[in-house]
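Here's the structure we're looking at; comments come further down.
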């Protein structure tokens, strides 16, 4: 049985979440000022995908499915 009850307890998810917050507060405002909208959009989507893929993999019952989503997140 897993020692974790939710994906939010995983260290990998916490690190990715911290990265998202860092980007939102430190990097995104700089890109908005320079009007780098395409780069901003790409960074937003990539930062979101890491946490989303870890959460999706956590909900899978077979370890290979979990591995696939964690590999995509990395």
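Values in this text are rule-based calculations from the coordinates and carry no lab data. Worth saying up front: this structure is predicted, and the values here are computed from it rather than measured. Virtual Cβ from ideal backbone geometry, glycine too; neighbours counted across all protein chains shown.
Structure values in brief
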item: As computed over region 10-73, the Cα convex hull volume per residue (Å³); result: 62 Å³
item: Cβ-derived FRET efficiency at R0 35 Å, residue 8 paired with residue 30, nearest 0.05; result: 0.75
item: Relative packing of peptides 46-56, 25-35 - highest average C-beta neighbours within 10 Å first; result: 46-56, 25-35
item: For region 10-73: relative contact order, % (alpha-carbon pairs under 8 angstrom, 6 or more apart); result: 31 percent
